[in-house]
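Enquirer: Once you've had a glance at the structure underneath, I'll fire off some questions.
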């Protein structure tokens with residue numbers, strides 16, 4: 001079971017939030033706002049926040065921009081992970097992954113199943129790494145975003161989480177790029 005090592009110092013990450021929706025604006029984007037609030041409350045910094053339509057090129061353009069930005073450590077997307085004709089987030093983002101994180105989808109579905117049962121199969125939540133940047137694609141509902149953050153990401157994006165976490169491996173993600181990430185983390 002995971003625990004927090006209080007002897008280690010918390011390392012704040014720069015996290016960008018992208019909402020994918022044809023109907024939302026910043027004024028009524030509950031999922032994006034909730035993710036921004038939760039990551040800030042955890043001690044991280046909101047590096048950027050945008051909304052784009054359910055369009056492969058629009059989504060990919062923002063994600064690629066943030067992958068290339070040394071001021072973004074993590075990208076969280078919300079929306080577009082379902083099965084309707086407009087849901088294209090996995091199609092837009094997965095081709096950018098250098099490494100896919102299958103365990104995220106499994107963990108997300110386990111959490112989701114405990115709350116909504118078999119309806120969890122209607123989500124294509126996905127995650128991966130590109131350009132030494134972690135990318136997590138969550139469904140568009142505030143509840144799913146809350147579950148993904150509270151149940152997985154809050155701990156995995158906290159350097160103090162034991163036995164392991166994503167922050168401690170960030171300096172080694174970019175060994176081939178030599179781009180500094182998560183300054184202060186020891187590998």
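Enquirer: Among the residues of region 43-66, write down those that are touching a helix residue (DSSP H, G or I) at 6+ places or on another chain (Cβ under 6 Å) and either in a helix (DSSP H, G or I) or more than 18 Å from residue 80 (Cβ to Cβ) (or both).
Expert: 46, 56, 59, 60, 63 - these are the residues of region 43-66 that are touching a helix residue (DSSP H, G or I) at 6+ places or on another chain (Cβ under 6 Å) and either in a helix (DSSP H, G or I) or more than 18 Å from residue 80 (Cβ to Cβ) (or both).
Enquirer: What are the residues in region 93-107 that are loosely packed, with under 13 Cβ neighbours inside 10 Å and outside any helix (DSSP H, G or I), if any?
Expert: Of region 93-107, the ones loosely packed, with under 13 Cβ neighbours inside 10 Å are 95, 99, 102-103, 106.
If the condition is that a residue be loosely packed, with under 13 Cβ neighbours inside 10 Å and outside any helix (DSSP H, G or I), then 99 is the only one that fits.
Enquirer: Please determine whether any residue of region 108-120 is touching a helix residue (DSSP H, G or I) at 6+ places or on another chain (Cβ under 7 Å) and not in a helix (DSSP H, G or I). Walk me through how you get there before you give the answer.
Expert: Our first condition is that a residue be touching a helix residue (DSSP H, G or I) at 6+ places or on another chain (Cβ under 7 Å); within region 108-120, this holds for 108-109, 111-113, 115, 120.
Pick out the ones that are also not in a helix (DSSP H, G or I) and you get none.
No, region 108-120 has no match at all.
Enquirer: Among 132, 127, which is crowded, with 18+ Cβ neighbours inside 10 Å, modelled with pLDDT under 95 and within 15 Å of the chain's Cα centre (by Cα)? Let's see the steps before the verdict.
Expert: Details: 127 fails: modelled with pLDDT under 95.
Result of the check over 132, 127: 132.
Enquirer: Considering 71, 32, 82, which residue is within 29 Å of residue 171 (Cα to Cα) and either surrounded by fewer than 21 Cβ atoms within 10 Å (Cβ to Cβ) or out of contact with any helix residue (DSSP H, G or I) (no Cβ under 8 Å at 6 or more places or on another chain) (or both)?
Expert: Working: 32 fails: either surrounded by fewer than 21 Cβ atoms within 10 Å (Cβ to Cβ) or out of contact with any helix residue (DSSP H, G or I) (no Cβ under 8 Å at 6 or more places or on another chain) (or both); 82 fails: within 29 Å of residue 171 (Cα to Cα).
Answer to the selection: 71.
Enquirer: Still on this model: Quick one: in region 1-20, which of the residues that are part of a strand (DSSP E or B) and at pLDDT 95 or above is surrounded by the most Cβ atoms within 10 Å (Cβ to Cβ)?
Expert: Applying the first criterion (part of a strand (DSSP E or B)) to region 1-20 yields 3-4, 14-20.
Now restrict to residues that are at pLDDT 95 or above: 14-20.
Values: 14: 20, 15: 27, 16: 27, 17: 25, 18: 26, 19: 25, 20: 29.
Among them, the one singled out is 20.
Enquirer: Of the residues in region 67-92, how many are over 17 Å from residue 39 (Cα atoms) and either in contact (Cβ under 8 Å) with a residue 12 or more places away in the chain or not in a loop (DSSP other than H, G, I, E, B) (or both)?
Expert: Within region 67-92, the subset over 17 Å from residue 39 (Cα atoms) is 67-70, 79-92.
Keeping just the survivors that are either in contact (Cβ under 8 Å) with a residue 12 or more places away in the chain or not in a loop (DSSP other than H, G, I, E, B) (or both) gives 67-70, 79-83, 86-92.
Of the residues in region 67-92, 16 are over 17 Å from residue 39 (Cα atoms) and either in contact (Cβ under 8 Å) with a residue 12 or more places away in the chain or not in a loop (DSSP other than H, G, I, E, B) (or both).
Enquirer: Also, I was wondering about something else. Out of (1) in contact with a strand residue (DSSP E or B) (Cβ under 7 Å, 6 or more places away or on another chain); (2) over 21 Å from residue 157 (Cβ atoms); (3) without any contact (Cβ under 8 Å) to a residue 24 or more places away in the chain, what's the single condition that is false for residue 26?
Expert: Here residue 26 clears every test but (3).
Enquirer: Which residue is surrounded by the most Cβ atoms within 10 Å (Cβ to Cβ), if the candidates are limited to region 157-166 and must be closer than 17 Å to residue 107 by Cβ and in contact with a helix residue (DSSP H, G or I) (Cβ under 8 Å, 6 or more places away or on another chain)?
Expert: 157
The values are calculated or read from the model by the stated rules, or taken from the named source; none is laboratory data. As the structure is a prediction and not an experimental result, all values here were calculated from the model. Counting neighbours? That spans all protein chains shown, and the Cβs are built from the backbone with ideal geometry, glycine included.
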